[in-house]
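As structure tokens, the structure follows; a few thoughts come after it.
What follows draws every value from the coordinates through simple rules; no lab data is involved. If you're wondering where the values come from, they're calculated on a predicted model, not measured in any experiment. We place every Cβ from the backbone using ideal geometry, glycine too, and count neighbours over all the protein chains shown.
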Amino acid sequence: MAQLVNLPPRVQETDLKGLLKQMWLIRYFEEKVDEFFAKGMIHGTTHLAVGQEASAVGSIAVLEGRDKITSTHRGHGHCIAKGAEVNKMMAELFGRTTGYCKGKGGSMHIADVEKGNLGANGIVGGGFSIATGAALTSKMRNEGYVVLCFFGDGASNEGSFHEAVNLASIWKLPVVFVCENNQYGMSGPVKEMMNVEDIAQRAEAYGIPGKVVDGNDVFDVMNGVGEAVERARNGEGPSIVEAKTYRWKGHSKSDAKKYRTREEEQEWRAKDPIARLRDVLVQEGLLTEEEADNIKAEAKKEIEESVEFAKDSPMPTIDDLMEDIYA
Amino acid sequence: MRELTYLEAVREAMSQEMRQNEDVFILGEDIGVYGGAFGVTRGMIEEFGPERIRNTPISEAAISGTAVGAALTGMRPILELQFSDFITIAMDNMVNQAAKIRYMYGGKGKVPMVLRTPAGSGTGAAAQHSQSLEAWMAHVPGLKVVQPSTAYDAKGLLKAAIDDDNPVIFYEHKLCYKTKSDVPEEQYSIPLGKADVKREGSDVTIVATAIMVHKSLEAAAELEKEGIQVEVIDPRTLVPLDTETIIQSVKKTSRLIVVHEAVKRGGFGGEIASTIAESEAFDYLDAPIKRLGGKAVPIPYNPELEKAAIPTVDDIVAAVKETLNRQ
């Protein structure tokens, strides 16, 4: 693999088949959720990351188990890549007690604090300073973990971005800010909402490295984020890594996508991150066609099982309403 | 017993806790060698060093969120905001993150942090540095709200707030900073949710907070000369609120006046009045409940206007007499 993707040594040992599996899990999870919303089987709202699987999976692939993440409203992929059980995720979307949040959080608040997933977030830009604080704990207690803070292109226009990145920079905290630039903040095109070409350029204002990677190429994501994570772990402070990608679906469940063309969507679909990884693995002889198909089928089956698990799980009772407000 | 000022009591509570608990640290603007806007942390950086007395940029959004993130990962941060008016900038992190994380995550994760901040008028600092916004915070499930009025209470309540596993907003009234009371040298804790009867009386109950406790006690001393016995209750914490102590007092005196500096409209006094109106004490009332609060006006600069914007001792005396139908 080294000659192919020039990965750092630790990353070369990555279970690349596992990454493909994770990407399929995300794809099928999102498609199931999309289907259930359309059928009215799930209520509320949801934000799907179909097409963005490589930025989630590639970023988290370079982490160690002890490392932590903060996620966004479009966070299902991050959770799966961080090792979340799809059964508990699906159950959460169904509002069941077996869900990650006992049915009280829903799509935008899936978290597994013990395992280092500090939570998705319904507030755009809400994760910046939480990630910074988690990185401060790592530094003050010498815990050695790094925090990955996922954010979108839209969030980089929030004031919270400026304040937190500056703070993380002056305190040299072990946090990596990973921008998943999917081209639109809801309906707002990046080009209309900022006057810089790359969000990574903003890093310069904080005296930290900023790097652009191909967000639909899992290896490029791993290389870029891996370098930044290593830097953070060595005590050299934060970085911004911008993964250029595209969300295939609309912003949330009700989006007519009037702000973009079907042609543009097709262009990006041709850059499908899953197909790209699969093809490379097959070409390089790391995977047979049959194995690749099996991985896909396994992922599909796991998601189908998660639906059964969710449907069979109990609903919370009214007695649960007032539980867990205070520790 | 030795006397301490309220300001010294706050500092001592933090210092004693920091000596025995490595997880406790303070972050805030100018809290290092400067000693904080009001001098509360003076001398602390010399004892604890810059790692634990963390001087921050002027970034209330980032430092509040950083406190949330640090708390979520095992630290017990104390955040000092220079003026409670600036909580507007920290509001998203307190209201949308700190207060809700535990519930949204289905009872997993906790946010043990204290946000300390000086509130209130009386220093000529005008409209953006003089507000009393505690009712906003009391409105939000998931937060606890503390408002000590004496040095003794400040020390014990701050210890309890730091020990609490939930986000606590700790309002220090600027005019209380120089007030003195007997304060034990050893650490002690005053449970959150326990009101204190500052003065016993049989004719009328005054429930007052922060600086209004002192004004109410002054009014009570004056009224005693006319043979009127006023009971003064300081709830000390708005969330949780010790309704029982207030109800029992009103059942005894049959009259209730609520006094706070915060603007009367939408102020916490309405909550206390309603609590009594909904309780068994309602049947004991011999007069309508009276609320005294700030006028619905931004705090003005001119000292005479500033004084007139909030309840005075004379206002409280008059209200008591009116309640008792005496001139």
- With the 8 Å Cα cutoff and a minimum separation of six or more residues, chain B has a relative contact order in percent of 16
- Query: Along the Cα-to-C-beta direction of A:L321, a point sits 7 Å from the Cα; which residues of segment A:101-139 have their amide N less than 20 Å from that point?
  - Reply: A:101-106
- Item | Per-residue mean of C-beta atoms belonging to partner chains within 10 Å, peptide B:48-60 | 2
- Checked segment B:257-296 against the a/c 1.5 cut and the a/b vs b/c comparison, axes a ≥ b ≥ c from its Cα gyration tensor; verdict prolate
- Task: Would you mind checking the tilt of helix B:60-72 against the longest principal axis of the Cα atoms of chain B, expressed as 0 to 90 degrees and rounded to 10?
- Result: 80
- Longest to shortest principal axis, alpha-carbon extents of chain B, angstrom: 59, 44, 41
- Task: Give me a single rounded figure for A:119-132: the average over its residues of other chain Cβ atoms within 10 Å of their Cβ.
- Result: 6
- Task: Could you work out the local net charge near A:R247, counting Lys and Arg as +1, Asp and Glu as -1, over the other residues with Cβ closer than 14 Å to its Cβ?
- Result: -2
- How well do other chains shield peptide A:46-55, expressed as the mean number of their Cβ atoms within 10 Å of each residue Cβ? 0
- Message: Counting only helical runs of four or more DSSP H residues, what would the 222 nm mean residue ellipticity of chain B come to if each run contributes -39,500 (n - 2.57) and the total is spread over all its residues?
- Response: -10000 deg cm²/dmol
- Item | Neighbour-count ranking [beta-carbon atoms within 10 angstrom, fewest first] of B:I233, A:I123 | A:I123, B:I233
- Query: With the Cα gyration tensor of segment B:74-197 giving a ≥ b ≥ c as the square roots of its eigenvalues, does the rule (a/c under 1.5 for rounded; else a/b larger than b/c for prolate; else oblate) give rounded, prolate or oblate?
  - Reply: oblate
- Task: Calculate how many DSSP beta bridges within segment B:196-323 are antiparallel, expressed in % of all such bridges and rounded to the nearest 5.
- Result: 20
- Query: Of the peptides A:49-60, A:202-213, B:211-222, how do they stack up when ordered by the mean number of other Cβ atoms within 10 Å, highest first?
  - Reply: A:49-60, B:211-222, A:202-213
- Of the lysine pairs in segment B:3-182, how many meet both conditions: Cα atoms under 26 Å apart, and a spacing of 8 or more in sequence or different chains? 20
- Assuming a viscosity of 1.002 mPa s and a temperature of 20 °C, what translational diffusion coefficient in µm² per second does Stokes-Einstein assign to the protein assembly as shown, Rh being the Kirkwood radius over Cα pairs? 80
- Counting helices only, and only those DSSP H runs with n ≥ 4, report the 222 nm mean residue ellipticity of chain A as the sum of -39,500 (n - 2.57) divided by its residues, in deg cm²/dmol to the nearest 500. -13000 deg cm²/dmol
- Query: In whole angstrom, how far apart do the alpha carbon centroids of segment B:12-80 and segment A:270-327 sit?
  - Reply: 43
- Message: Using Cβ contacts closer than 10 Å as the measure, can you line up A:M186, B:M44 from fewest to most?
- Response: A:M186, B:M44
- Between B:E46 and A:H43, how many nm apart are label points set 7 Å from Cα along the C-beta direction? 6.1
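When A:E114, B:E322, A:E92 are ordered from fewest to most other Cβ atoms inside 10 Å of their Cβ, what list results?
Numbers: A:E114 8, B:E322 14, A:E92 28.
The most exposed by this proxy come first: A:E114, B:E322, A:E92.
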- For chain B, find the longest principal axis of its Cα atoms and tell me its angle to the long axis of helix B:211-224, 0 to 90°, nearest 10. 30
- Charges only on Cβ, +1 for Lys and Arg, -1 for Asp and Glu: so what's the dipole of chain A about the Cα centre, in debye to the nearest 20? 540
- For segment A:186-327, rounded, prolate or oblate, judged on the Cα gyration tensor with a ≥ b ≥ c (square roots of eigenvalues), a/c < 1.5 rounded, else prolate if a/b > b/c? rounded
- Query: What's the local net charge at A:S187, with K and R +1, D and E -1, over the other residues with C-beta under 11 Å away?
  - Reply: +1
